[in-house]
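Note sheet for the following structure.
The values are calculated or read from the model by the stated rules, or taken from the named source; none is laboratory data. Please read all numbers here as calculations on a predicted model, not as lab measurements. Quick reminder, even Gly has a Cβ in these numbers, built from the backbone with ideal geometry, and neighbours come from all protein chains shown. Side chains included, ligands, DNA and RNA excluded: accessible areas come from the protein's heavy atoms. Shrake-Rupley method; radii C 1.70, N 1.55, O 1.52, S 1.80 Å.
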Amino acid sequence: MEPSKAPQELLRVDKLRFYFGAHQVLKDVELPIWGNSITSLIGPSGCGKTTLLRCFNRMHDLYPNNHYEGRILMEGRNILDKNEDLIELRSQLGMVFQKPTPFPMSVYDNIAYGLKLKKITNKPLVRELVEKALRQANLWEEVKDRLRENALGLSGGQQQRLSIARSLAVSPAVLLFDEATSALDPISSAKIEEMMVELKKQVTMVVVTHNMQQAARVSDYTALMWLGELVEHGETTEIFTRPKKKMTERYVAGHFG
Amino acid sequence: MNTKKTANLIFFLMTGFGAASLVFMTAGILVTLVVESWPGIERFGVIKFLLSRDWNYAKESFGAARPLTGAILAAVMAVAMATPVALGVAIFLTELCPAKLKGSVALAIELLAAIPSVIYGLWGLFVLAPFLEKYFQPLVGKVLGDVPWIGGYFQTKMAGGLNLVTASMILGVMILPFIASLAREGFAQVPEALKESAYGLGATRWETIRAVVWPSAQKAVMGGIIMATGRALGETMAVAYVIGNRHGALESLFSPYVTVTSVIANEFNEAGPIQMSALFYLTLALFLANLLILSLAKRLLRRT
């Protein structure tokens, strides 16, 4: 698929309100996510950025007493609809967590697992897709000789790239990163950032980060959240150099948060 | 010496005393068992005692083969019956149970562990055994009784419901809460993020349990099973009520039999000197068998 020149709106968050029980965490959030780009969600702890991220793949549905109001549109349909097929949705929107989450199985089986869920079992094809995913995650060279080893034996940085490769293998349209590099050393983080920029060709990314330099380095668009509200959203260079709101200016300058 | 150092020393002594007292108790039990069973060891030897099927009061000839077989068979059958149910309970509680119900189901299981074993024994004697005799044994005999080679073990050859199967069922109910609560702890320790990443790939609940929850909790479950085996081997009162206490060949799983603890409970009061020593010797054998199982299990757990 050739990425089109003009950015396409892949997702649109429309007047999204989210509640944990009676407690409202997201307040009328409006946000477009442009295709084949990286959007960073920044803001102080507790501002709702992770909560927003977890709305995209309906992770909140795993726990009781949550509810959504408003819409998130994807290709014209509201993915917050209660008839949405969550299994299908989650295979289209992969998620990478703060801590690496290798499954207790071999490196190879970790990647093949998602394919198995999608009923892709043709061995040569699986092998090909596993290698492709590991290459995309810049991990192939390091693990090609240890594919049968337990994934728990990899280093933290490798485990995180493995988690990313596992999500990529099922060719999702979107990858959601929840502070995916915050537990890693600078070199491992740099490798992942490099990989993310490469990946824009195939996948759209939404990235929650505490690290403002990271947001500035990798993302095309940045959204600042505060107390459950979206303060400002725009191209990353605009947000960091010519923010429209005073609060954004103060936040990116490090005055609070 | 400053106060910090003194406090440290006191703390060390207190915890050290606790740990040492356990070691001393175990060592003390072992020494007592060896001393008391010494006449038996001298008279029956080791290999001969373990392999001998004798239990003859007149000739004063005693062997451990039948009580040990009975104890091990009953324990293994109990574990085999309790484990699937316990796993179901544990998975239900951690992964499926609505939060409102969780507390009461967990409490019910913990309460099961608090019922005195004599109650289980009486229930087995008056309720379970007659029921099994009337409905279960004929059914099993009909279904499995004609299987070549092993069919005989499923036929009822001696009337009554007091037998090895009844004993292992009672044992199974008694160890169920142990396996269930240890397995539940194991399942509960699986990190939320690990489960979420399986869900995040589009896995269903069942697929997540199979790929992530179960493999991560396997060790804890094995630990629970081993602890339960140890308990089943040593359980006395309930078994003594329902095992039937017959020193005879085990022609069928539905035949009355003996276990180490049932023999001790039944015969300790009226045992002559050499019989008494044989009873201690039996206990020693069970003690060592348990030790063997525990150390094998530990090695197994370390390797995987």
With +1 assigned to the C-beta of every Lys and Arg and -1 to the C-beta of every Asp and Glu, and no other charges, what is the dipole magnitude of the protein assembly as shown about the Cα centre in debye, to the nearest 20? 340 debye
Computed helical MRE - 222 nm, the protein assembly as shown, DSSP H runs ≥ 4 contributing -39500 (n - 2.57), nearest 500: -17000 deg cm²/dmol
When each of A:27/A:245; A:144/A:191; A:99/A:191; A:123/A:144; A:118/B:195; A:118/B:102 is checked by Cα-Cα distance, pairs over 21 Å: A:118/B:102
Please go through the range A:148-257 and write out the trypsin sites (Lys or Arg not before Pro) that DSSP classes as loop and that have at most 13 other C-beta atoms within 10 Å. A:148, A:201, A:244, A:245
Over all residues in A:171-181, what is the mean tally of Cβ atoms on other chains that come within 10 Å of each residue's Cβ? 1
Work out, step by step, the length gained on full extension between residue B:122 and residue B:296: first 0.36 nm times the residue separation, then minus their alpha carbon distance; give nm to one decimal. 59.2 nm
Cα-based Rg and Dmax for the range A:102-214, in Å, come out at 13.6, 43
Considering the Cα positions of the range A:1-149, please state its Rg to one decimal place and its Dmax as a whole number of Å. 18.1, 52
Projected label distance in nm at residue A:197 and residue A:132, using a 7 Å step from Cα toward the beta-carbon: 2.5 nm
7 Å from Cα along Cα→Cβ at both residue B:134 and residue B:6: what's the point-to-point distance in nm? 7.2 nm
Take the alpha-carbon positions of the range B:234-304, form their convex hull, and give its projected area averaged over all directions (one quarter of the hull surface) in nm². 6.2 nm²
Of the convex hull enclosing the alpha-carbon atoms of the range B:106-252, the direction-averaged projected area in nm² is 11.6 nm²
How much net charge surrounds residue A:54 when only other residues with a Cβ under 13 Å from its Cβ are counted (Lys, Arg +1; Asp, Glu -1)? -2
Over all pairs of different Cα atoms in the range B:113-163, the reciprocal of the mean inverse distance gives a Kirkwood radius in Å of 12.1 Å
Find the percent of Cα-Cα distances in the range A:63-128 that exceed 20 Å, and round it to a whole number. 49 percent
Write down the radius of gyration of the range A:1-66 and its Dmax, each obtained from C-alpha positions, in Å. 13.9, 45
Compute, for chain A, the length of the dipole vector about the Cα centre, with Cβ point charges of +1 (Lys, Arg) and -1 (Asp, Glu) only. Units Debye, rounded to 20. 240 debye
Given that compact globular proteins tend to follow 2.2 N^0.38 Å, what is the ratio of the alpha-carbon Rg of the range A:152-257 to that value? 1.16
Rounded to a whole number, the mean other protein chain Cβ count within 10 angstrom for residues of B:202-210 is 4
Rounded to the nearest 0.05, FRET efficiency between residue A:62 and residue A:146 (Cβ-Cβ, R0 30 Å) equals 0.40
Please list, short to long, the whole-number percent of alpha-carbon pairs of the range A:9-252 in consecutive 10 angstrom bins beginning at zero. 8, 32, 35, 21, 5, 0
Could you pull out which residues in the range A:109-132 have an amide N less than 17 Å from a spot 7 Å beyond the Cα of residue B:204, following the Cα-Cβ vector? A:114-120
Measure out, as a whole number of angstrom, how far apart the alpha-carbon centroids of the range A:24-95 and the range B:1-56 sit. 61 Å
Estimated translational D of the protein assembly as shown in µm²/s (Stokes, Kirkwood radius over Cα pairs; 20 °C; 1.002 mPa s): 75 µm²/s
Please give the FRET efficiency for residue A:125 paired with residue A:245, using the beta carbon to beta carbon distance and R0 = 56 Å, rounded to the nearest 0.05. 0.65
Determine, from the Cβ-Cβ distance of residue B:95 and residue B:29 and an R0 of 41 Å, the FRET efficiency 1/(1 + (r/R0)^6), rounded to the nearest 0.05. 0.50
Give the Kirkwood hydrodynamic radius (Å, one decimal) of the range A:173-215, defined as one over the mean of 1/r across all pairs of different Cα atoms. 10.7 Å
Per residue value of the accessible surface for the protein assembly as shown (all protein chains in place, 1.4 Å probe), Å²: 50 Å²
Computed Rg/Rh for chain B (Cα atoms; Rh = Kirkwood radius) stands at 1.05
How much length is gained on full extension from residue B:150 to residue B:249, taking 0.36 nm per residue of separation minus their Cα-Cα distance? 34.1 nm
Taking every residue of A:86-93, the Cβ atoms of other protein chains inside 10 Å of its Cβ average out to 3
